[in-house]
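K.L.:
Below you will find the structure I want to go over with you.
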Amino acid sequence: MKKTLITGAAGFLGSHLCDRFIAEGHHVIGMDNLITGDLRNIEHLFHLDRFDFYHHDVSKFVHVPSKMDYILHFASPASPIDYLKIPIETLKVGSLGTLNLLGLARDHKARILVASTSEVYGDPLVHPQNEDYYGNVSPIGPRGVYDEAKRFMESITMAYHRHHGLDTRIVRIFNTYGSRMRLNDGRVVPAFMGQALRGEDLTVFGDGSQTRSFTYIDDQVEGIYRLLMSDYVEPINIGNPDETTILEFAEEIIKLTGTDQKIVFKPLPQDDPLQRQPDITRAKEILRWEPKVHRSEGLKKVYDYFKSLPHDQLWEAHRDFLP
Ligand code: UDP
């Protein structure tokens, strides 16, 4: 039986990856320090013999007793609100955490896949973004702690590959949405859906002309799985090229939820990228992967998920945004 370590296991992406690798018959070890993760995302796995959970911060030395075949490094805060609240932890998990896991992979002769991001392109001057674009990143802005940690992650991963012959993979993840996103992490999908459910106005930052391209979680997990199983070492974009402005997106959410909320405009956060759309030619050619779930279908599923959450969870999230 294959053994797979997933860091950030209690988070949004990590918990869905745990589900997928369990379904593929692996023994999964989930690791998380729970600063942004939530055990409720994986508690359905706790009764399984093929699932273990380690409460550990991967920025500190990582020890796993049995031999791992695969390591997926998905531990990291992943929303602009989190980077502002816990900037040092964000830098440490992408840098020291990656270093520790590369060392572990070397020790175990395991294949390691690291979760990079479209943020390595910063506020891109090339559109759509392909993997050969080096990006336009401010190292000292509020997002720099995330962007630069991920750029370091890619750099050290390639160094371990070239210098030590380590079996490595790098995925560049574009905006992804699905169940188990944290309602209070400030990202646009849970933010708008939470607002619609609480009967509040939807807060569009700036004039809403900035664009994003949203990928449904099942598509994202499939792309990551295929990349891990491929023999491709350079970074690959996994994202949905279906681009929308944030203003259109807010209107779409209002229509979907059938609420009559208004849109209110708030200042655009510093260094908020103006446009983002993946070029997925490489994923199509090498992984035979492309997204299958249309935005309207994916958003409906996620809305049903948020609607099903207990009421206090919805209002708990709201309190985090009060001044
Ligand atoms: N955004 C918004 N209102 C919100 C939350 C986010 O208009 O309540 C905007 C944000 O400024 C950005 C886009 O939505 O332009 C996506 O934001 P998110 O934090 O989800 O991801 P990222 O900026 O990292 O792509």
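The values are calculated or read from the model by the stated rules, or taken from the named source; none is laboratory data. Predicted model only: the values in this text are computed from it and were never measured. Positions of Cβ are generated from backbone atoms using ideal geometry, with glycine treated the same way; all protein chains shown enter the neighbour counts. The area values use the complete protein model at the heavy-atom level, side chains included, leaving out ligands, DNA and RNA. Shrake-Rupley method; radii C 1.70, N 1.55, O 1.52, S 1.80 Å.
K.L.:
Apply the Karplus parameterisation 6.51 cos²θ - 1.76 cosθ + 1.60, with θ equal to phi minus 60°, to every residue of segment 110-126 and state each ³J(HN,Hα) to the nearest whole Hz, in sequence, with x for glycine and proline.
P.N.:
Taking θ as phi minus 60°, the curve returns 9, 7, 10, 10, 10, 8, 9, 7, 4, 5, 5, 7, x, 8, x, 9, 10 Hz for segment 110-126.
K.L.:
Keeping every protein chain present and rolling a 1.4 Å probe, give me the accessible area per residue for segment 93-135 in Å². Could you put the intermediate results ahead of the total?
P.N.:
Values: 1600 Å² over 43 residues.
Result: 37 Å² of accessible area for each residue.
K.L.:
Measuring from label point to label point, each 7 Å out along Cα→Cβ, what is the ASP201 to GLN313 span in nm?
P.N.:
Output for this residue pair reads 2.9 nm.
K.L.:
Check cross-link reach from LYS85 to the lysines: straight Cα distance under 24 Å, and skip same-chain residues fewer than eight apart.
P.N.:
Here the lysines satisfying the reach criterion relative to LYS85 are LYS60, LYS150, LYS266.
K.L.:
At 1.4 Å probe size, what's the solvent-accessible area of ARG50? Round to the nearest 10 Å².
P.N.:
It works out to around 70 Å².
K.L.:
From the mean inverse distance of alpha carbon pairs (Kirkwood) and the Cα radius of gyration, derive Rg over Rh for the chain.
P.N.:
On the way: Rg = 18.8 Å, Rh = 19.9 Å.
On the Cα set of the chain, Rg over Rh gives 0.95.
K.L.:
Whenever you get a sec, compute what percent of the accessible area on the chain sits on carbon and sulfur atoms (1.4 Å probe). Could the numbers behind the result be given before it?
P.N.:
Values: 7480 of 14160 Å².
Of all accessible area on the chain, carbon and sulfur atoms account for 53 percent.
K.L.:
Separate question: Take LYS255 and SER296, extend 7 Å from each Cα along the Cα→Cβ direction, and tell me the distance between the two endpoints in nm.
P.N.:
Inter-label distance under the simple model: 0.7 nm.
K.L.:
For TYR305 and SER179, calculate 0.36 nm times their separation in residues minus their Cα-Cα distance, and state this gained length in nm to one decimal. Please list the in-between numbers first.
P.N.:
On the way: separation 126, 0.36 × 126 = 45.36 nm, distance 0.60 nm.
Additional length available on full extension: 44.8 nm.
K.L.:
Averaged per residue, what accessible area in Å² does segment 174-323 show with a 1.4 Å probe, protein chains only?
P.N.:
Numbers: 6900 Å² over 150 residues.
Value for segment 174-323: 46 Å² per residue.
K.L.:
Something else: Hey, in the GNM for the chain with a 10 angstrom Cα cutoff, which one of SER15, SER308, SER213 fluctuates hardest?
P.N.:
Greatest mean-square fluctuation among the candidates belongs to SER308.
K.L.:
In segment 112-187, which trypsin sites (Lys or Arg not before Pro) are in a loop and have at most 15 other Cβ atoms within 10 Å, using DSSP for the loop call? Don't skip to the end; give the middle numbers.
P.N.:
Values: sites: ARG143, LYS150, ARG151, ARG162, ARG169, ARG172, ARG180, ARG182, ARG187; in loops: ARG143, ARG180, ARG182, ARG187.
Filter output for segment 112-187: empty list.
K.L.:
Also, quick follow-up: Name the most mobile residue of PRO77, PRO269, PRO87, meaning the one with the largest mean-square fluctuation, in a Gaussian network model of the chain with Cα contacts below 10 Å.
P.N.:
The residue with the greatest mean-square fluctuation here is PRO269.
K.L.:
Name the residues whose placed amide hydrogens come within less than 5 Å of the amide hydrogen of ARG169, ignoring near sequence neighbours (fewer than 5 apart) on the same chain.
P.N.:
ILE112, LEU113, VAL114
K.L.:
Under the Karplus relation 6.51 cos²θ - 1.76 cosθ + 1.60, θ = phi - 60°, what is the ordered set of whole-Hz ³J(HN,Hα) values for segment 295-300, x standing for Gly and Pro?
P.N.:
Ordered by residue, 3J(HN,Hα) equals 4, 5, 6, x, 5, 5 Hz.
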